[in-house]
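Step one of this worksheet: look at the structure below.
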Amino acid sequence: MIAIIVEDRCTNCNACVVVCPTNVLDAGPGIPVIARQLDCQTCFMCELYCPHDAIYVAPDCDHPVTVDAQAIAGSGLLGEFRRLHGWDEWADDPRFTNEHWQMEQVFLRARAMAQAGNM
Amino acid sequence: MSRCQDDLLELTADVLVIGGGLAGNWAAAAARRAGASVVLADKGYCGTSGVTATAGPGHWWIPPDPADLRETAIAARRKSGFGLNDAGWMARTLAKTWESLPTLETYKFSKDEKGATQYRALRGPEYMRALRQQSENLGVEILDHCPGLELLQRADGTIGGAQGIRRQAGGRWRVNCGAVILATGGTSFLSRLLGSHTNTGDGYLMAAEAGADFSGMEFTNYYTVAAKGSTMTRSMSYVFATYYDEDGEVIPIPAGLDTSRPLAAALLKGRVYCDLHKTPEDIRAKVPIISPNFLLPFHRWGIDPYRQRFEVTLHGEGTIRGIGGLRITGDNCETSVPGLYAAGDAATRELVAGAISGGGNINSAWALSSGQWAGEGAARFASSVRSRAPGRPIGQAGLQPDSAHTIDLRGALAIVQGEMLAYDRNIFRRGDRLLRTTRLLDDLWKVVSAHALGEGEGILRTRETAAMLATARWSAASALARDESRGMHRREDKPETDPRFAGSIVSGGLDAVWVNSASSQKMELAS
Ligand SMILES: Cc1cc2nc3c(=O)[nH]c(=O)nc-3n(C[C@H](O)[C@H](O)[C@H](O)COP(=O)(O)OP(=O)(O)OC[C@H]3O[C@@H](n4cnc5c(N)ncnc54)[C@H](O)[C@@H]3O)c2cc1C
Ligand code: SF4
Ligand code: SF4
């Protein structure tokens, strides 16, 4: 579930409020408010659409998790998902090209390994 | 034309698409290209909502020549689908998918080492962003955070619109139109399946209220493995998994078989652990740029899944990578109600997938194809209907109670989930237990439909709960009626495939659920 919006990174653009499929966030006078945390479907979409890497979604989907803003800001985890996707400013970075199409090769490799008795 | 009065946003269009996922956007595009004006309403945000957005569909993708390639694939799929699927629908789906993907100009397709463009598999968030862009470029009017609650029916019985609420803007919306396409996806009954929480079967309920029926609803027992406590049902990396029981003994998984049955059997005995140490090094290096979300939970928990064991669970998929849905009655994905069309997971995928899951290739090819057929059909239907006068709202459960009483929606959902997701009931099925399930759910329906009233913010939850309950009833009744084992429907008490059940099980009804199979006349199941 979404755990925190890091205040000093957030510019109040409200992109996350708009894109959250389950309407977890409310636009506030300042940064968005995590108004309905238990409705969060742990899909990480808000992280992807936050241009300032201000959101941290904890992977735990069954219960909310409390995290420390400073620890998270220093963890290197903020923005990881957006970067790996080659989203926005990462679009032309050769380290993060979209290799999704290789999924089929992975399945074929696994099958070949199983047939060869290597698994 | 749009009018905003009091708290009501009222729009007129030729075609309304409800649901803005993979199928809904292809439907909207096709209807626009056929000349119709189109409104698309999504419960969440068109672009991030639905199960495509968080996954990465590989489409069923076979070149047209040499011609025997497709013929061979179709014959193989007929066999694995246990004869419930149809060669004609499969051929159409393959052809439509092949010709459509290269036209998606808003997606940046990757090239392989040889420079060949790779069309078949698209990454979810990028695919959905591209589909939204395509819809916008074509002039589709998109309503985000606008769940549809009920259909509007004209005096002649045809469907002429829908209405719902505006979750963020406040107030309500209504669209008066010529034809409606339901692209609301399937439902996993709010299991923790990744990206599935706006998919609560609302389209099924709305359609049933108009009198539409269903096909293949017994095939609702597909499950996907995930690290326990996470939603991450991305299955690719698990092809290299080794599973262990609580004592650290390796759980044998028979080759080729569906892994969920042996895993479910182990989970019924105790905790199950996993590691991915068999993953080749070169693949490990690529996983983050193949499926960028897969490693997120591990990273954040400080677990190295290639070296350390982690606990796993199975998330039920209901009708998402199950295959049941609205019965299709014509080439343009007509439902059994005139003016109402179904596409993607809202429709049955039995026609192409047969008795096994269409996940992994067929479902997305079907969503893309059925969406476009429905879009073309709805545009044509709309042009034959002159009036855009508002129809009569026909929603019942949660909207029009006999007498309003407080209903424990959470409790109702827990019962539905207990029947539809529990491994012992839903994977290892038995006739006597299914009969109990149908009775329990029928009793619950009586209470919910007679007394639930959703007001204010609670209106959506109430309708969603009613929709999941109704879906569970058609599923259980169909599973009971399919008195045999076939494909993913496995009955412990009837392990053999029975030629008398070589046809589809059709179901429907709200107050009284009915099922109809080739071997039985319409049977009333409700007491
Ligand atoms: C993890 C995962 C991986 C998958 N991988 C593959 C694969 O590799 N290959 C393959 O073929 N298939 C795959 N599938 C299946 C495939 O994703 C689906 O078949 C496909 O997404 C169906 O598209 P859809 O538009 O019908 O549903 P969705 O994409 O789920 O869209 C439904 C939309 O309807 C909206 N909605 C729901 N209710 C309402 C309402 N009341 N009012 C308005 N809007 C509403 C939702 O918000 C959502 O946006 C996968 C599924 C999962 C879960
Ligand atoms: S993780 Fe998904 S559901 Fe949760 S807040 Fe972010 S976008 Fe919304
Ligand atoms: S998207 Fe990011 S920057 Fe914008 S409001 Fe949300 S958290 Fe703040």
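The values are calculated or read from the model by the stated rules, or taken from the named source; none is laboratory data. Not measured: the values here are computed from a predicted model. Heads up, the Cβs are rebuilt from the backbone with ideal geometry, glycines too, and the neighbour counts pull from every protein chain shown. The protein model used for the area step is the full one, side chains on, heavy atoms only, and it has no ligands, DNA or RNA in it. Shrake-Rupley method; radii C 1.70, N 1.55, O 1.52, S 1.80 Å.
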Task: Number of the exception - B:Leu84 against (1) of a type in the set (A, V, I, L, M); (2) in contact with a Lys or Arg (Cβ under 9 Å, 6 or more places away or on another chain); (3) at pLDDT below 95 - done: (3)
Task: Residues that are under 22 Å from B:Leu460 (Cβ atoms), open to solvent by less than 10 Å² (accessible area, probe 1.4 Å) and touching a strand residue (DSSP E or B) at 6+ places or on another chain (Cβ under 6 Å), drawn from segment B:1-51 - done: B:Leu11, B:Leu16, B:Val17, B:Ile18, B:Gly20, B:Gly24, B:Val39, B:Leu40, B:Ala41, B:Cys46
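Counting residues that are within 19 Å of the chain's Cα centre (by Cα), which strands (runs of 3 or more DSSP E) fully inside segment B:412-527 reach at least 1? Please lay out each step first, then the result.
Details: elements: B:505-508, B:514-517, B:520-524.
Strands (runs of 3 or more DSSP E) meeting the threshold: B:505-508.
For segment B:238-266, name all the residues that are part of a helix (DSSP H, G or I) and open to solvent by 10 Å² or more (accessible area, probe 1.4 Å). Outline the logic, then answer.
Within segment B:238-266, the first condition is being part of a helix (DSSP H, G or I), and the residues that meet it are B:238-240, B:260-266.
Answer for segment B:238-266, where residues must be part of a helix (DSSP H, G or I) and open to solvent by 10 Å² or more (accessible area, probe 1.4 Å): B:Tyr238, B:Val239, B:Arg261, B:Pro262, B:Ala265, B:Ala266.
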- [ ] Hey, can you tell me all the residues within segment B:294-336 that are open to solvent by 10 Å² or more (accessible area, probe 1.4 Å), over 15 Å from the mean Cα position of the chain (by Cα), of a type outside the set (A, V, I, L, M, F, W, C) and within 14 Å of chain A (Cβ to nearest Cβ)?
- [x] B:His299, B:Arg300, B:Gly302, B:Glu311, B:Thr313
Open item on the list: What's the number of the only condition in (1) within 19 Å of B:Ser49 (Cβ to Cβ); (2) in contact with a strand residue (DSSP E or B) (Cβ under 6 Å, 6 or more places away or on another chain) that A:Leu38 fails to meet?
Closed with: (2)
Open item on the list: Criterion first (buried (at least 24 other Cβ atoms within 10 Å of the Cβ), over 20 Å from B:Asn199 (Cβ atoms), more than 16 Å from ligand 3 (Cβ to nearest atom) and of a type outside the set (A, V, I, L, M, F, W, C)) does B:Gly339 satisfy it?
Closed with: yes
Open item on the list: Looking at segment B:344-364 only, could you name the residues that are over 17 Å from B:Thr471 (Cβ atoms) and within 6 Å of ligand 1 (Cβ to nearest atom)?
Closed with: B:Gly359, B:Gly360, B:Asn361, B:Ile362, B:Asn363, B:Ser364
- [ ] Could you please find all residues in segment A:13-36 being within 8 Å of ligand 2 (Cβ to nearest atom), farther than 18 Å from B:Met128 by Cβ and either among the β-branched types (Val, Ile, Thr) or open to solvent by 20 Å² or more (accessible area, probe 1.4 Å) (or both)?
- [x] A:Val24, A:Ile34
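Is it the case that B:Ser387 is in a loop (DSSP other than H, G, I, E, B), within 17 Å of B:Ala76 (Cβ to Cβ) and either open to solvent by less than 10 Å² (accessible area, probe 1.4 Å) or among the small types (Gly, Ala, Ser) (or both)? Write out each step before concluding.
Numbers: in a loop (DSSP other than H, G, I, E, B): yes; within 17 Å of B:Ala76 (Cβ to Cβ): no; either open to solvent by less than 10 Å² (accessible area, probe 1.4 Å) or among the small types (Gly, Ala, Ser) (or both): yes.
No, not satisfied.
Only one of A:Ala58, A:Ala114, A:Ala91, A:Ala54 is at the interface with chain B (Cβ under 10 Å from one of its Cβ atoms), open to solvent by less than 30 Å² (accessible area, probe 1.4 Å) and among the small types (Gly, Ala, Ser); which? Step through it out loud before you land on a result.
On the way: A:Ala114 fails: open to solvent by less than 30 Å² (accessible area, probe 1.4 Å); A:Ala91 fails: open to solvent by less than 30 Å² (accessible area, probe 1.4 Å); A:Ala54 fails: at the interface with chain B (Cβ under 10 Å from one of its Cβ atoms).
Among A:Ala58, A:Ala114, A:Ala91, A:Ala54, only A:Ala58 is at the interface with chain B (Cβ under 10 Å from one of its Cβ atoms), open to solvent by less than 30 Å² (accessible area, probe 1.4 Å) and among the small types (Gly, Ala, Ser).
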- [ ] Look through B:Ile142, B:Ile181 and report the one residue that is surrounded by 24 or more Cβ atoms within 10 Å (Cβ to Cβ) and within 12 Å of B:Leu40 (Cα to Cα).
- [x] B:Ile181
TODO: May I ask you to verify whether B:Thr348 is within 23 Å of B:Lys79 (Cβ to Cβ) and either touching a strand residue (DSSP E or B) at 6+ places or on another chain (Cβ under 7 Å) or open to solvent by less than 10 Å² (accessible area, probe 1.4 Å) (or both)?
DONE: yes
Open item on the list: Can you report the number of residues in segment B:468-518 which are aromatic (Phe, Trp, Tyr) and buried (at least 23 other Cβ atoms within 10 Å of the Cβ)?
Closed with: 2
TODO: Please indicate, with yes or no, whether at least one residue in segment B:146-164 is open to solvent by 30 Å² or more (accessible area, probe 1.4 Å) and within 14 Å of chain A (Cβ to nearest Cβ).
DONE: no
Open item on the list: within 11 Å of ligand 3 (Cβ to nearest atom) and in contact with a strand residue (DSSP E or B) (Cβ under 7 Å, 6 or more places away or on another chain): is that true of A:Leu78 in this structure?
Closed with: yes
Open item on the list: Quick check on this structure: which one of B:Leu193, B:Leu151 is within 20 Å of the chain's Cα centre (by Cα), touching a residue at least 24 places away in the same chain (Cβ under 8 Å) and in a loop (DSSP other than H, G, I, E, B)?
Closed with: B:Leu193
TODO: Restricting attention to segment B:399-452, report how many residues are out of contact with any helix residue (DSSP H, G or I) (no Cβ under 7 Å at 6 or more places or on another chain), farther than 14 Å from B:Val513 by Cβ and open to solvent by 40 Å² or more (accessible area, probe 1.4 Å).
DONE: 11
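Being out of contact with any Asp or Glu (no Cβ under 6 Å at 6 or more places or on another chain) and either open to solvent by less than 60 Å² (accessible area, probe 1.4 Å) or farther than 23 Å from B:Gly47 by Cβ (or both) is the requirement here; does A:Phe44 meet it?
Yes; evaluated as a whole, the condition is true for this residue.
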Task: The listed residue being out of contact with any Cys (no Cβ under 8 Å at 6 or more places or on another chain) and within 9 Å of ligand 3 (Cβ to nearest atom), out of A:Val17, A:Val33, A:Val67 - done: A:Val17
